[in-house]
Amino acid sequence: MASFFFRFPAEQTDDFVNSNAPNVTKVLAVAAVDTLRWATDGAQKFGIKWPNDVVVAGGKIGGILARAVPVRGRLDGIIVGIGINVNTSPADLDAIARPVWPATSLRAICGHDFDVAGIRRRLLGTFALELQRFFLAGFAILRDRVNGFEVLLGSEVWFRVHESEEPVRCIFEGIQENGLILLRLDSGELKAFPSGEIVPGPGATKPDAS
């Protein structure tokens, strides 16, 4: 769908850049949800699934990736890209093996084709506006919107930090102002993590994002 390269404003401190850079994908996710709701005239309830997926009606419609660009020891910029299934046919979607959150598209859920170029233009403009707010105040200014779109909020999930670990059952309590995810363990303890993986597990539930 689209890739972007941008730099943090030169006046921002290294601490601001380093603490907020990992949250750029969430900024793009918010822009993507707003864009898709615009494209469907608000008829569909799109959401975000941590860490970098855009979902609707129980399926994954988009995904986001980012890569840092360091120069002389400072994070000089970020390349961030998003793929959105716009006019992918149901037959092509069936060929994508995803046992949980199966692939879907705008065409599949709405029954007609969409203007890809128009959606891309809208996404670019929306992302640019969200970045301006992000540059001024950091991720904290977007945190409530991200949690409002987060389909896992309040759900039971199975989480692990490393692939070699056994996942543990917990409740997804949302994203903190610093971008860390907050999980409630079976013991009742609240614990924050900068990264990790949510995996299918016995007893895990998938929220209805319809």
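Tell me which residues, restricted to the stretch 18-39, are among the aliphatic types (A, V, I, L, M), surrounded by 18 or more Cβ atoms within 10 Å (Cβ to Cβ) and out of contact with any Asp or Glu (no Cβ under 7 Å at 6 or more places or on another chain). Passing the criteria: Val24, Leu28, Ala29, Ala32, Val33, Leu36, Ala39. Scanning the stretch 136-152 for residues that are surrounded by 15 or more Cβ atoms within 10 Å (Cβ to Cβ) and within 13 Å of the chain's Cα centre (by Cα) gives Leu142, Arg143, Arg145, Val146, Asn147, Phe149, Glu150, Val151, Leu152.
At least 1 residues being under 19 Å from the mean Cα position of the chain (by Cα) and at pLDDT below 95 is the threshold, and among the strands (runs of 3 or more DSSP E) wholly inside the stretch 166-210 those reaching it are 197-199.
Considering each residue of the stretch 153-203, count those that are under 19 Å from Asn23 (Cα atoms) and either surrounded by fewer than 16 Cβ atoms within 10 Å (Cβ to Cβ) or of a type outside the set (Val, Ile, Thr) (or both), and give that number.
Summing the residues that are under 19 Å from Asn23 (Cα atoms) and either surrounded by fewer than 16 Cβ atoms within 10 Å (Cβ to Cβ) or of a type outside the set (Val, Ile, Thr) (or both) in the stretch 153-203 gives 19.
Screening Arg67, Arg37, Arg107 for residues that are more than 22 Å from Glu197 (Cβ to Cβ) and either in contact (Cβ under 8 Å) with a residue 12 or more places away in the chain or of a type in the set (Ser, Thr, Tyr) (or both) leaves exactly one candidate, Arg107.
Surrounded by fewer than 17 Cβ atoms within 10 Å (Cβ to Cβ), without any contact (Cβ under 8 Å) to a residue 60 or more places away in the chain and out of contact with any Ser or Thr (no Cβ under 9 Å at 6 or more places or on another chain), is that true of Arg74?
In short, no.
Contact map, the stretch 121-147: residues that are under 23 Å from Gly174 (Cβ atoms) paired with residues that are among the basic types (Lys, Arg), Cβ distance under 8 Å, separation 6+ or inter-chain. Pairs shown: Phe139/Lys26; Ile141/Arg133; Leu142/Lys26; Leu142/Arg133; Val146/Lys26.
Going by what's in this entry, would Arg37 be described as among the charged types (D, E, K, R) and within 15 Å of Phe134 (Cα to Cα)? No, not satisfied.
The values are calculated or read from the model by the stated rules, or taken from the named source; none is laboratory data. In this text, all values refer to a predicted model and were calculated from it rather than measured experimentally. Because the Cβ atoms are built from the backbone with ideal geometry, glycine has one as well, and the counts that use them run over all protein chains shown.
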